[in-house]
Structure formats: C-alpha cells, structure tokens
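The block underneath contains the structure these notes are about, expressed in structure tokens.
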Amino acid sequence: WHPEIDTGVHVLMVLEQAAALSSDPVVRFAALTHDLGKGQTPADQWPRHVGHEVRSVACVDALCDRLKVPNEYRELAKHVARHHGVVHSAQQLRAGTLLDLLETLDAFRRPERFESFLLACMADMRGRTGFEQRPYPQADYLRSVRSAAAGVALDRSLFAGLTGAGIGERVRRTRLAAIEAVKAASVSDKGTG
C-alpha cells in the first residue's frame, strides 16, 4: 500500500502534506499521530498492519495524557486515527455507513472540525511516494454527502405524532434518503463522464 515501505517516512510525508494543506496545528497533529498504532503491530504480521486504526486511537490517548495535549487536538487526532482508512474508500460505502461516520464525527454540529478531519485524511493519502499531487475526490464526495444530509428540511410536519426516539429515527431516515440521492447522482455522473 505504501511505496516508501517505512512508516516513519510515510508519517513525515503526511506531515509535509498537512503543512501544505493547512496552517492549523490541530490538523498537523492529527496527521502526525494517525498511524501510531502501527508501532504496536507484532513483527510476524509485517508488512501488514491489520487493526492499526484501533491501536492508534489508544496510542493517541496515551500520548495526549502524557503530554497534556488539549482536547481539541486529541479529538481530531483520534477521529483521524480511527477513520482515515474508511474515508479513503468513501465512494464505496453504504448510505448507512456514511451517516454513521458523519454522526460519529459530529459533522452536523461541528462542520469546521469535519473539514479539518478531511484535510488530515487527504494529507494521509497524499503522503505516499508518487501520490503527492493526486486528486482526493473522497473529500468532495463526503462534503456533498454531509451537505445533503444536513440540508434536509426538518419541519414540524415531518414529526407529526412522533416523540423521542421516533423523531430521531425519522431524521435518520430522511438523511439516509438524501445520502442515497447523492450516491445515485455520483454513480450517474461516472456513467456519463
């Protein structure tokens, strides 16, 4: 997957890409720490690092505890560590998985952090030999998915007769329909392109 093979070289390349994409130190910290879990991969499993995302989250937590890193840095770094691999295949994800990702990232209430998340993921993809200038359509795709889901009309008539969990389920179904429409348009665009 990584032409440069060495994880340390990859992480430095990701950090360079993050610096080129953003002056935000939070984005740069997330890029720097996104693969920490690879350091815990047993040697007999090399060069693969199956499950490194989950291990990376624990490593980020431990590092942030030790260094007293601000929560803003910790939160973004943990999200990038856990979900960067999923984002790289965003166009293949089901609508429910996309909505779960947006909800996990709190993308509806915190669009600025969602954008920072996408920049760190883009830095990860571009932080590989020969990929430095490669387009990252996953970011635009996820922006359009988020925009469609966030933009659904949630007027009172939608919730008539519903309470509590029923309202949440109706919002979810409405957002899923909006995401399905984006997916369908994306497939249609590929067919005509």
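The values are calculated or read from the model by the stated rules, or taken from the named source; none is laboratory data. The structure presented is a predicted model; accordingly, all values stated were derived computationally and were not measured. So basically every Cβ, Gly included, is an ideal-geometry build from the backbone, and we count neighbours across all protein chains shown. In case anyone asks, the SASA skips ligands and DNA or RNA and just uses the protein heavy atoms, side chains included. Shrake-Rupley method; radii C 1.70, N 1.55, O 1.52, S 1.80 Å.
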Requested in this report: Report the local net charge at Met122: Lys and Arg +1, Asp and Glu -1, summed over other residues whose C-beta lies under 14 Å from its C-beta.
Outcome: -1
Query raised in the report: Roughly how many percent of the accessible protein surface of the chain is carbon and sulfur, given a 1.4 Å probe and a whole-percent answer?
Result: 56
**Report entry** Selected from Lys38, Lys183, Lys68 as most flexible by GNM, with the chain as the system and alpha-carbon contacts under 10 Å
**Finding:** Lys68
Query - Theoretical ellipticity at 222 nm over the chain - DSSP helices of four or more residues, -39500 (n - 2.57) apiece, nearest 500 - result: -21500 deg cm²/dmol
Report summary line: Semi-axes in Å, largest first, for segment 19-171 (Cα gyration tensor, √(5λ)) are 31, 18, 16
